[in-house]
Structures are given as structure tokens and as C-alpha cells.
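One structure is given here, and the rest of the page talks about it.
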Amino acid sequence: MRKARTGFLTVALALTLLIGGCNRQDEEPGQITICFAFQDLETEYWVAAHKAITETLRARNIKVLERNAHQDANRQFEQIRDAIAQDVDGIIMIPQDGESALTIIGEANQAGIPIGVFNRPPADKSKPALVVVADNEKIAEEAVAYMAKAASELNRKMTPLILVGDLGDQNSIERRDGFYRAVNAHPELFKKPIEVPTKWDAATTLANLEAALQVTPEVDFIFTSSDFLYPQIKAVLEPLGRWKPKGDPDHVVLGGVDGDSTAYRLMKEGYVDATGVQDLFFEANAIMDALVEAIKSGQRTPEKWIQDPGFALTQENMPQRAMDMWGCRILHEEQSNEAR
Amino acid sequence: MKLDNTLLRWPKAVVLSNHFILVLTVLFFLVMWGIYPHMAGRRNLANLLSNTWPLLALVLGQMFVLIVGGIDLSQTSIMAVTSVLGAMVMATSLEPTRFAHNPLWGVLISEQGGWLSGSPWAVPVAVLSFVVAGASIGLLNGLAVAKLRMPPFMVTLVTMSFFSGLAIYLTQSENVRPLPDSFIAIGKGTLGPISPPMLIVVVLALLAFVVLDRSILGRWFYAVGQNAETAKISGVPTKRVIVLAYAFSGLCAAVGAILYSARLEAGRPTLGRNLLLDVIGAAVIGGISLFGGKGKVLWAVYGVLFFVVLDNSLNKMPLDFYSIDIIKGAVILLAALLDALRTRLSLYHAPLAGAP
Amino acid sequence: MNERRNKLVSILLNNMPMLLFVLLLIAFGAIAPESLQYQNIENAFKQASYIGIVAIGMTFVLLTGGIDLSVGSNMYVSAVIAGLAMQRYSVGAGPALLLCLVVGAVFGTINAIAVTKLRILPFVATLAMMVSGRGVGLMFSKSRAVAFPDPVTGLGSAELFSLLPYPIVIFALVVGGAALLLHRTQLGRQIYALGYDKEVARKAGINADRVQAAAYILCGLFAALGGFVSVVQLGNVNAGFGKGDEFDAIAAAVLGGVSLFGGVGRVFPGVVLGAVFIQAISIGLVSAQVDLYLHPLITAAVIFSAVLADSLRNTYLKKLSRRNIRLEV
Amino acid sequence: MTRSALEFDRVSKSFFGVAALSDVTLSIPEGCLLGLIGENGAGKSTLMNALAGVITPDQGTMRLFGVPFHPTCPADATRAGIAFIHQELNLFSNLSVVDNLYIDGFPRLCRLPIIDKRKAYRQAAELLTAVDLCLSPATPIELLTPGERQLVEIAKALGRNARIIIFDEPTTSLTAAERSKLFQVIDNLRREGRTIIYISHSLDDVLRLADTIAVLRDGKLVSTGPGDQYSANRMVADMVGREIAQMYPARASAPGPESVLDVKSLTQPGMIKDISFTLHEGEVLGVFGLMGSGRSELARIVYGLDPFKSGSIRVRGTDAGAPSPIRSIRNGVAFVTENRRQEGLLMEAPVSENIDLSSLRRYARYGSARIIDRRAALKAARQMAESLQIKSGSIDRHRAKHLSGGNQQKVVIAKWLLTDPGILILDEPTRGIDVGAKYELYSIINDLASRGTAILYISSELEELTGMCDRILVMSNGEIQAQFRHSEFDQESVLQAAFRGRTTANQTEANGEN
């Protein structure tokens, strides 16, 4: 009997928890509700985007329904359809990939709810949506091109290595393609690149990078498909005596894509040569502005493609453009927060 | 104790009945309805139902494997592989820039799309290849378990990573689209109140019901799961039964893949990546035993409904993304706890051993 | 003659994990001789150490006939909390490790209560904890990466007496401790007994609930320790940290000969080799510069053959150990 | 008279209104061996469960050496010096002997939580010597024979200094040699002054051992008294409540001339050698052999569960080739295995589903869809259950695990009878079944024989075979050593034949263990 009582207590407790959680919705008439559906928050880029979007929206007195799809396109599809059934006023989505984005846009169009797609473009322009994109391939290529330029000054044949992201994620494929485009442009400079799988997992990266460097210790040019892997690169290079800033003879030419705060810090310290930056704040603001405007003006299937030009932040252009890098701004904000 | 017998008879009957999880789900739904009036709206109900069908297809297949005392972790990777293969049969066009370095470029697929692109046979053959591929992978699992006597957990864990790797390899990470409209209609079209997924999965469920509850084969599934040695001595072809269970699980995964691919309008190498635990979770919450020998089609339906309603209601809540995970876990735990209490209660009320 | 052959076969089969390991080494040696350097093998052990530690924790639970799917989330939560403590409250490495272990043990205790007191199936209970646990971790981290301070992460690459990297040392200590616990303490023997048959264990006067609870708590503890060791090497905790590690840990344990039905299996050399085996495949593939798309396919094929060899061995051993009724001349 | 070790005073217990024990009053003097007998369901296990603290009596008291004793859990009983040696042995076969002996209390190394291995081994070796078992304490249990395991259980009881030891059907799976060794050990225990309760269906064993005998029936103590006042007939009469004139029902029929099963020089290395016999229509052919004589192996090979290397099996004149269970069933062969829990029944399934399991194919409809005609199947199962007088609730709801041993065995037989077998192989069909149920089983077998079914009756109880069979084959060392016709049955010569080749068999065992 005692156990049964414990059980009922638990039930009651959980129900209170549930209802308590639900009661947090403060219904205000006329308040705009936006569903923000994202695929997952595994790298700092997505975290920062998530933070920027939710905070800005809430600051504008907009109710935000957050949905994490855990990297499952179908789950995202279901989440957004549920949101549509709930009569949200607008949708912002970070899709799993361009193909599923297209399908989901179709659903939103049918329901007449404006939808904004953040960062990953739909596979084609057949269905109207607000889209803000950065060209992953181009940004990666630019960053690697600068790295190649830095490497050519060393006057030796380089052994390049690329940390490839999850093969099920199209961003990693585009970034890899950008890397190859830049490397293949300089056949005289590079030997055959070494590919190291990361599965977007830090532990896998560490193990595989360590193994690769064991077999080919002469690697002196590393490109990471995402900046979030720098701590692991450091963990491998440091014991080998290769974690050295620019100018040191043992320096490994290093670069990546994203533009997070770690990358900024490492660039400032001279360890990283270049990083492909997407302008996160620009993207976030552009998509939110466009969506809120569409909602307020009653548009049901607004269409607009906003291009985030993106750029490669390099050791050269750092002084001028550092503040365009979101990671740098976040770092400054944090520092000023701490100072306060 | 006296009170128990009079006042609590009705609740006890509910708790002890086979339909407990359904009651739980309905109660949960009603509570949520009170908070979110549009829970019972037409569109939301339509969503609920359409989310139910593909998951139910998977859980039905999983149930057969669980009944014979195994487990099939490879269902989601079967979905991915079949989705990719099927799409490669019927895709209407493919961009060379994305597919030119594909191992099957020029063999199965080309600029004009898949193998049967444009042919009226494309969709039927594609659907067939979904089903055949799914069932054959299941067959392989079954053979490894039954003939080579390998532990099911490891066999399907390994095939899970093999076939999800194969799906990605076959497409070199690309999603295969566009697919013919007639295929997409399977996922989205409606015939009055009946949608094709509903039709397909209800037929599948009926088939499963007839097999399990009415046929010799069904009795053999239970017998093998309850006691393989007794079953063998009693003339049950145990190995064939086990192989069939896995093949059926693969077939159901393929049906799930058809429905998911059709609604997402592409052949996806990452289809259903994180779905596995939902499938097994729904089966177990429904009351299908992980130790074999126990399971009913109706239980699978209840388990799936529970999960779908849970997900749907969590999607309504204006919560932080992490709180949703916490609550989801808590609700699963709670349902399991109620079920455990119920089991104990039913033991207490079991017919007396050897009573005259 | 026949007898001697039988004996040889049974020795071979009994040391199957070791044998497969050697075969794998030879295969990689033939394809990529570089991969056989001492350093590479040391690396394999170093990189396998964290999953090995988690797998040893998992072994306790598997030995009782249960399963713990929540170790990945456990690793994440405990590492995040320890990291935040160091970051925000400048806690030292020692107290942070202690905190990490305490969190892991609490996590394991919740599993233990759910399984023993509330009588929820281990699969479902730990599945729920896996989902909720990650949510709790994300609540603390807000999904951001949590960095460990440099002096702590320095330990990841430091070596004891410049001989052995610390992760391997910790791994070795854990292996020794776990072996001691399983084979030389009453609790350890009771864990095996429980896995053989819970009802019999109860009748034999074993406090089954307590032993089972201990297994889950130990599993939680080791998961947290494994997570800490991993983060010390990685430098920071990402949001995806520990995801999927539960399956790696189970695979390592099962490859090492631990039965999923309980009661059978040894930490050394079984689980250790199982963990290193998986890591070694990955390192070998990277060393040999195999097409990335083929990695999962080859890994799966190799593990499949290992499992197959193991099941052949079991069938054969069963046949061998069947008592002969008559002596044939 | 010595003082009482254990007293039950008006102990009663009922479950859901059904009395399992009523007013049992019994006193057992210290150092005495009490033989406790009764049919299944008579209340023996309830009484012992009360003693073990598994259940609490509704009324009445127990006293242990004069002190009131109210155990609430099994540990209480253990602490009070009561040890149980169960029918299904409670040993962990994945662990070693020493682990099993000390699983709930190892000797420790200077109070650390570390096991003092050396001390444990030394003590274990002493205990093993005390029960006359020459084994290394490190031997894994899975390598021991059932008899050796029994002795390990006793050693465990000794290690806990048990003053009262309860044996529940200890001899069911022992060979004759093991049995006599066990009796010796039990005698020693008694001589040391320990009190023993010995529960068994084997009345001979009880007669041989018991100082005092107590008979339970329907939860009541029917009679008790010194062992020498009892005879087998009186015990049976007390147990079933009426006189059973004879243990074995009379056979009305004789075997027919037609041979239905012809086994010729069947050989499987390591198992059986050169086995030949013929089984006729309506014949009950006994196979007598001790544990490990190859009798069960022979049955498994004939039925097709294990392979054979040479020889032939002909069923009704046609060569059965290499049989498999499915093929055997088709040929009309049925096999009631030795171990009904693990090989005969689906414990969780309803009785009816157990009964029709092997004959499902007969109730198939709609061609290859093979849908079961459930009504017909249930009807057939019900008829069969009625004709065998299976006592069960509604057979499509009541699960097999809820039946008594005798009824479970009847369910297994019903399953096979539904396949209309021409040949029925029975392996130890009466093991663990009470007297009344045994008699019913014998009647069923005779009835089958009279209808022409050929029966291969395997047993290690010679009396049973002489009471039932037309002929007896004696097996030992995997070979048929002798054959006796009904008129030649003679206990002594059968046993002699059974022990012939026993010496070589022992050598085999010795070699097998090296």
C-alpha cells in the first residue's frame, strides 16, 4: 500500500508540474505567436542563432514556441504541422536540409502562414518563402583560399587535412566541396588532402585526428568544417608541439567555418589563420524583420531571398572586419557583462 | 481493505483492463484539451492521425520481433536504405552536379532521374522495391539470429550502423528528389475522410492481427517467444518463425519508409535517424514485453497513440526546448510507473495457484 | 590426439576477443604498416579509455541482467555541471571531479530507484532518464559549449612519469578496481548471482534490490568518470557530448563477452579489449585513408564478424562441454 | 525424550477463503528425521513456507527450541538456523562452489570489504569434506552433476550451522549411487544431532530414512507417528484418504503382432552405441537406465532432436531418414520429455493453447493462409482435457503455470494425444507427481496401449516399469545391456544389468572432467 501511495504522489507531482508548465502561457489578446523550429543546437553557431532569435522576438513581445527536431526532418515536419494547427502567426525554421525545407514550406503555404527559412536554403525556389542564406561552399572556399595564400608564403609543398562533418548533414558536404575547390585551384601547393571523419562529434574528432597525425605527422594545413572543433584540434596539436601561433616554424595553417567566439579568440592569438564567417546577426535580424513585417501586413505567402554575403575573416582583414564576426561581438558582450 | 472491494471496484477494473494505456492516453488528451482548446480541432486531430500511421507501421513490425523474444534496432536504417533505393528507381530528374560522383551514376540513376524515370511503372516498381528491399534486409537479420545464433541486439545494432552507412554511401549524402507526384500523393492525398497512409497501415494492422490472433503462424510466434525449446519439440519450425518475424519487421519498416518519404517528398539517407527509441518506447509502453511472448496489435496501437498524443501536446507548450525533453522523459517514466503498479495489482488478483 | 586438438580449439575459442584483436592488428599492419607503431596502439588505448570506463560501468548493470541507456546523458549532465562549477565558481579540479562523480551517482540512484523500488523495466526507466537527463543538462548549459580550464585539460595529454598518458592510467585503475570489486567482494559476487537468477538470489538471502541498486549507482558513477576523462582530453563539452555513447558502451561490453542476459562476463580482458577493438578499427581506417563513406560499412562488417565468431564459439563450447556418456575407442 | 526442536501449534492459513492449512499441530524432537508426505496441494509447501517466513500464518504459533518464532522474511529463518534444500536447486551455476557457499556472507580480510579468499577456500574445503565431496572449491557449479549440487547445498547449510535442515524432493534427479551417498550424508547429519524434515513422493526413501512420519491431506495433519508404524500401503491410504488396492492398474490388452518402430544399430559417438529394438502396436516397452545411461539421449535421437551417425529408424516399415520433430509428428511419433517446465509447456499460455500446439495444422482453414478454426481447436482441446480429467479452470483462460504438477503433465500428454500418435515416447512421465495423479497417468497409458498405441516408457524407477511394461530394455553406458519379458521381470537381475558397464561409464566421466 505504501508503494501505491508513493506512486500516486508521483503522479500528482508530475501532473502539477505539467499543468504548472502549461500555465506559463500568458494569453494576451492580439499577441503574435511565432513558432521557431530548429533542427538541433549542437554547435555554438546554432546556439547563438537560437539565442538571438528568441531573445529579440520576446523583446518585441512576441510569443515564441520553440521546437527542437533533434536532427530528424520528419519530426520537424510534424512539429511545424502541429504549430500550423495551433494557428501560429508565423514560422521561423532552421531546416534539417533543403529538401525537407521545401516540403515544409509547402505545408505552410497551404495553410497560408508566412514562413522564414534560416541559414539553409530550400532545394529550389518553387515555393514562396522568406529565405536568408549564406553560401556555405563559397565561404569555405574563401577561407581556404586565404589559408592557401598564407601557406604559399612558406615556400613548401603543404600536406592538407580536412575535418569532414557528419556525412548525413548537407552543410558539411558543401563545406567540404568548398575546401576542395580552393585546394584544387593550387595543385602546385598541395599534396593529396587527408580526410578525417568527425561525425560532428568531439570525441570522434579527437581520436581520428590523433590517428591521422600519427600516420602523417607532416600535416601542416588543417581545415575544420566547423569552428566548434578547435578545442579538439588544440588537444591533439599541443602535445605534438605543433600548437604554435603564426610565424612560428611549427605553425600549422589553420582555418574553419562559422565564426564563433573561440575562433575569434584563436585568430587574435594568431593560432588560426582564417575563418569563414556567416553574419549571424544580420541573418537573424533580416529574417525576423521580414517575417514580422509580412505578418503585420497580412501577407500569407511572402517571398524574399536575402543573401548573407558572408566573408572570410583573415589575419589580414581582421582589424577592419572583426566586429562583423558574430563570435567577436558575443565575446565582447560577455566581457562587458562580466565587467559589470 | 474492505473499502477496496466496494468503492474501488470500478477504477480497479479500468486499471486492470487491457485498455489501460488507451484510458491513460484519453485522460491525458482531455487534460491537454482543457488547456489547449485546439487540441481537439479538426486540423490537429488530422495531424495526430497522420503522425500515427507511419509510426504504427514500424511498431507493428517491431512487435513481431519482440514477440519472438528479439529486438530490431535496424528498423530505422532499413527505412533509410529503402527510401534511397526506392527514390532512385523513380526520381524524375537528378542534378548532375550533386549526383555525378555517386557510385550508381550511370548505372541506376542518370540526369533523367531514376532507373524508371517517367515510366508509368516507376511508382509501382519503386514501391515494390521498397518492400522487397526492406523484407530482405529483415530476412538477413533473421537468418543471422536464427541460423547463426547471434544475439539479436548485436546483430541489429551492427546492421543498423551498416545500412545507415550504406544509405549515405549510396547517395553520397544527397537527398534524392524530385519524386513523381503520384508517389507523393501516397503521403498527402486524401480519399474523402480516408488518407492513403491510413488505408495502408490499417490494412497492415489487420493483416498483423489476423496473422497473430487467428493463424497458426501467429500461435507459433507466441510459442517461440514464450519457450523456444518447447515450441521446437512440439513441432514448431522455430527458425523459420524467427526469420519471418524479422522479415516482417523489415517489411513494416519499408512501409514506414514509403509513408515518410512520400510526405517528405524525397528519398532520404537519414530518414528516421532518431526514431528508434520512439518505436521501441511506444511498443513497450503499449505493454509488449521485451522478454518475448507477449504483445497484441491493439497494444501497439495504444502505445503509438500515447506517444503521438504526448509529442503533439508537448508541441503545444510554450516551453524552453530543454524543458520539453525533461517533461517527455518524466511522462514516459510516469506511464511506465503506472503500468508497473498495475502489473503488481493484477498479480495480487491473479487466480490462485493450484486453487481447487 | 583428438583430445589435444579439442583442447587447442577450446583454448583458441576461449580467447577469441584477444585473437580477433591480434588479427585486426595484422590486417591493419598489412594495409597500413604505419598504423602499427607503438604510439598508435597507445593512442587506441587512450582514446578507448573513456568509453572503456563507461562500458565497465555498463558491465555492472548488464551483469545483473539490466541495461542502462542513460549513460550518454549522464556523461553530459555531470560534465556540464562540473565544467560550469569550474568556470563560474572557479572550483578546483579535484572538487570539480568530485562534483561530477556525485552528479553521476545521483543520476544512477534515480535509475536505481526507478528500477528497484518502482519496478519499472530497466529499458524504459533508463530510456526516460536518457531523454530527461539530456534536457536537464541542456537546461544548465543552455546548449552552449562548456570549456574546462586549461590546467585541467592539460592532464588529458600529460603522462604519468612521462610513460603513460593519464587517461590510460585512470582506465587501468578503473579496470583493476572493477575487477577487484567483481571478483573479490561480496557485492561483486552477488551481482553475478543476481544476474543468474533473481528469484534464486532472493531465496539465497541476497538483498536483491540493494545489489541491483548498487549496480546502477556504480554505472552512473563510472559514466560520470568516463565523461570527465573524455572532457579532460577534449577540452570542452559540446551539446552533442555523449550522444550515442550508450550503444558504443554496450557494444564494447558485449564484444568483450558480457551477456545481455546477465551473469556472464569479465571486465578484464573482455570489456577492455572490446572497447579498444572498436577504437582500433576507427584508427586503422583513418590511418589507411579509407573513403569516409566506407568507414561505417567496414566497421560494421568487422564487428559483425567478431560477434559471429563469438556465437560460433559459444555453440562449439556448448558442444564440447556436453558430457559424453560413453568413451569411444 | 529430547526437547522439541520445532513445534507447530494450531497453524492455519487460507488464501482467498480457501484453507491451505488448518489447525496443524506437530512437534519435532531435536535430532529427529521427520518424513513429511502428502499429495501435491496437501499443504506441505504452505507449511514449509510458513516456516521459511515466505508467508505468515493466519493463526497459530511456531516455536523453535521452545522459543516463539515469527519469521517475516527468508533471512529470519536462515538466521534462526533453518536451511532449505529445494527441489529446484538454488545454486548459481555461473559461479564457483565457494561463491555459492558464501554468497550471502563471505569471510572478510581484516574487516575490509574484501573477501578473504584463502580463508573462504579453506573453510569451503572443510565443508565439502564434511559432505564427502572431493572437489576443488573453485569448480564452477555448471560442471557438477545434480547429485554433487545437492551435496553443495547441504554443505552450504552446514556452513551456516543450520540446526534444522529441510529437504524438498532431494532425490528426483539423482542416480542410484548419488542417492545412497546422499542418504549417508543425511544419516551423518542426524547423528550430529541436527533436525531434519524430509519431504518426498518417494515413499521407499521416506520409509528408509524417517524416524517419524507425518501425513498431510487437504491442509490437515492426517496422521503422525514413528516410522516403523507405517507401511507403503498405509502411507498411500492416509495420503489419498482411501485404500488404493494396487499401485498399478491392471492391463487388459496385449501387444499386437505388427511392429511400428524399428530401430537398427543406432549409433552416435559419445552418446549411444548399436541400439536395436522393435516396438509393437499396443506394446508398452520399458527402458530402464540410471541417470547418464543414455536413456534420454536415445529418446531425443529417435524423436529427431539430436543427430545420429549410423543406423536406421523405421516407422511403420518406412525409413524415417534423419528425423526432425516436425517429421516425427507427421509420422505419428510423440515425445513427452523428461523436463516438462522447460521442454513441455508454455507456462504463460492458457491450457488450451498448450494442448493444441502440436496439432494446429489440423485446424487450419483457407488453404495456405492457415487460419485456425478456433472453435474446432478449442472444442478438441476441451474434449481432450475432459477425457484426461485435467483439473483446471476454464482452459482457454487458465494458464499452464497455475496447474499442479500432475495436471501439467496431463496437459503435455493431452497435447500429444491430440496429434493421434501411433508411437508415444514417455521420458520419466511421473517425476514429481503425487500418488493419485500417478495412478491416473498409469490408467491413461494402459488405455492408450489397449487402443493400439505403441509406448516407449523410459524411467529410472524399476518398480514402475515392472508394474507397467510388457518388456523392459536395460540401458547402461549408452548400450542396451539386457532385455526382459514381463514373465522374467526380476528386480535383481535388472539392476545387475543396469550396473553392468557402469564401471566403464565411471571411467568416462572421470576422463570427461580432465
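The values are calculated or read from the model by the stated rules, or taken from the named source; none is laboratory data. Treat the numbers as computed from the prediction; the structure is a model and nothing was measured. Quick reminder, even Gly has a Cβ in these numbers, built from the backbone with ideal geometry, and neighbours come from all protein chains shown.
Numbers at a glance
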| item | result |
| --- | --- |
| Test for D:Ala377: is it more than 7 Å from chain B (Cβ to nearest Cβ) and not basic (Lys, Arg) | yes |
| Given (1) under 21 Å from A:Glu141 (Cα atoms); (2) among the small types (Gly, Ala, Ser); (3) part of a helix (DSSP H, G or I), number of the condition A:Ala235 does not satisfy | (1) |
| Meets criteria (under 30 Å from A:Asp40 (Cα atoms), more than 12 Å from every other protein chain (Cβ to nearest Cβ), assigned to a helix (DSSP H, G or I) and small (Gly, Ala, Ser)) for C:Gly220 | yes |
| Test: residue in segment D:222-233 that is within 30 Å of D:His86 (Cα to Cα), touching a residue at least 40 places away in the same chain (Cβ under 8 Å) and not hydrophobic (A, V, I, L, M, F, W, C) | yes |
| The one condition in (1) within 21 Å of the chain's Cα centre (by Cα); (2) under 30 Å from C:His183 (Cβ atoms); (3) in a helix (DSSP H, G or I) that C:Val80 fails to fulfil | (2) |
| Residue check, B:Leu212 touching a Pro at 6+ places or on another chain (Cβ under 6 Å), in contact (Cβ under 8 Å) with a residue 24 or more places away in the chain and farther than 23 Å from B:Gly165 by Cβ | no |
| Extreme residue, farthest from B:Ser261 (Cα to Cα), among residues of segment B:155-189 that are more than 14 Å from chain C (Cβ to nearest Cβ) and within 22 Å of the chain's Cα centre (by Cα) | B:Gly189 |
| In segment A:193-232, residue farthest from the other protein chains (Cβ to nearest Cβ) [restricted to those that are closer than 27 Å to C:Pro33 by Cβ and in a strand (DSSP E or B)] | A:Phe221 |
| Hey, B:Tyr246 within 8 Å of another protein chain (Cβ to nearest Cβ) and either touching a residue at least 24 places away in the same chain (Cβ under 8 Å) or touching a Ser or Thr at 6+ places or on another chain (Cβ under 8 Å) (or both) or not | no |
| Residue ID - farthest from the chain's Cα centre (by Cα), chosen from residues in segment D:419-477 that are among the acidic types (Asp, Glu) and farther than 16 Å from D:Ala250 by Cα | D:Asp420 |
| Unmet criterion (only one of (1) more than 8 Å from every other protein chain (Cβ to nearest Cβ); (2) modelled with pLDDT under 90) for C:Gly240 | (1) |
| Subset of segment C:29-82 (residues that are of a type in the set (Gly, Ala, Ser), buried (at least 24 other Cβ atoms within 10 Å of the Cβ), in contact with a Gly (Cβ under 6 Å, 6 or more places away or on another chain) and within 17 Å of C:Val124 (Cβ to Cβ)) | C:Ser70, C:Gly72, C:Ser73 |
| C:Leu69 vs. criteria under 17 Å from C:Phe107 (Cα atoms) and within 11 Å of another protein chain (Cβ to nearest Cβ) | yes |
| Search result, residues across segment A:87-117 that are in contact (Cβ under 8 Å) with a residue 24 or more places away in the chain, within 12 Å of another protein chain (Cβ to nearest Cβ) and of a type in the set (S, T, N, Q) | A:Gln96, A:Ser100, A:Thr103 |
| Listing of helices (runs of 4 or more DSSP H) fully contained in segment D:43-140 that carry 2 or more residues being touching a Lys or Arg at 6+ places or on another chain (Cβ under 7 Å), in contact (Cβ under 8 Å) with a residue 12 or more places away in the chain and closer than 22 Å to C:Val200 by Cβ | D:44-52, D:74-79, D:97-102 |
| Complete set of residues in segment D:323-378 that are of a type in the set (Val, Ile, Thr) and either within 18 Å of B:Val241 (Cα to Cα) or out of contact with any strand residue (DSSP E or B) (no Cβ under 6 Å at 6 or more places or on another chain) (or both) | D:Ile326, D:Ile329, D:Val351, D:Ile355, D:Ile371, D:Ile372 |
| Elements of type helices (runs of 4 or more DSSP H) in segment A:26-143, at least 1 residues being among the basic types (Lys, Arg), within 23 Å of the chain's Cα centre (by Cα) and more than 25 Å from A:Tyr180 (Cβ to Cβ) | A:44-59, A:73-85 |
| Count of residues meeting criterion [in contact with a Lys or Arg (Cβ under 9 Å, 6 or more places away or on another chain) and free of Cβ contacts under 8 Å to residues at least 60 places away in the same chain] in segment D:431-460 | 3 |
| Failed item, numbered, when C:Thr185 is tested on (1) at pLDDT 90 or above; (2) more than 10 Å from every other protein chain (Cβ to nearest Cβ) | (2) |
| Elements of type strands (runs of 3 or more DSSP E) in segment A:247-340, at least 3 residues being buried (at least 24 other Cβ atoms within 10 Å of the Cβ) | A:253-258, A:274-277 |
| Qualifying residue in segment D:80-94 (condition: over 24 Å from D:Val185 (Cα atoms), under 24 Å from the mean Cα position of the chain (by Cα) and not aromatic (Phe, Trp, Tyr)) | yes |
| Matching residues, segment D:178-215, being in a helix (DSSP H, G or I), free of Cβ contacts under 8 Å to residues at least 40 places away in the same chain, under 26 Å from D:Gly159 (Cα atoms) and not polar (S, T, N, Q) | D:Arg179, D:Leu182, D:Phe183, D:Asp187, D:Leu189, D:Arg191, D:Asp205 |
| Residues being more than 14 Å from chain B (Cβ to nearest Cβ), within 30 Å of B:Ser93 (Cβ to Cβ) and of a type in the set (Lys, Arg) - total across segment A:118-176 | 1 |
| So D:Arg316, is it under 19 Å from D:Asp420 (Cβ atoms) and away from chain B (no Cβ under 11 Å) | yes |
| Residues satisfying the stated conditions in segment D:319-347, i.e. polar (S, T, N, Q) and either within 12 Å of D:Leu261 (Cα to Cα) or more than 8 Å from chain B (Cβ to nearest Cβ) (or both) | D:Ser324, D:Ser328, D:Asn331, D:Asn339 |
| Subset of segment B:132-154 (residues that are within 7 Å of chain C (Cβ to nearest Cβ) and surrounded by 24 or more Cβ atoms within 10 Å (Cβ to Cβ)) | B:Met154 |
| Subset of segment D:420-436 that is within 12 Å of another protein chain (Cβ to nearest Cβ) and either assigned to a helix (DSSP H, G or I) or touching a strand residue (DSSP E or B) at 6+ places or on another chain (Cβ under 7 Å) (or both) - its residue that is farthest from D:Asn339 (Cα to Cα) | D:Pro421 |
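Quick grid of which residues meet (1) out of contact with any helix residue (DSSP H, G or I) (no Cβ under 8 Å at 6 or more places or on another chain); (2) more than 19 Å from B:Glu229 (Cα to Cα):
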{"site": "D:Arg382", "(1), (2)": "no, yes"}
{"site": "D:Ala385", "(1), (2)": "no, yes"}
{"site": "D:Leu388", "(1), (2)": "no, yes"}
{"site": "D:Lys391", "(1), (2)": "no, yes"}
{"site": "D:Ile395", "(1), (2)": "no, yes"}
{"site": "D:Leu403", "(1), (2)": "no, yes"}
{"site": "D:Gln408", "(1), (2)": "no, no"}
{"site": "D:Thr419", "(1), (2)": "no, no"}
{"site": "D:Gly422", "(1), (2)": "yes, yes"}
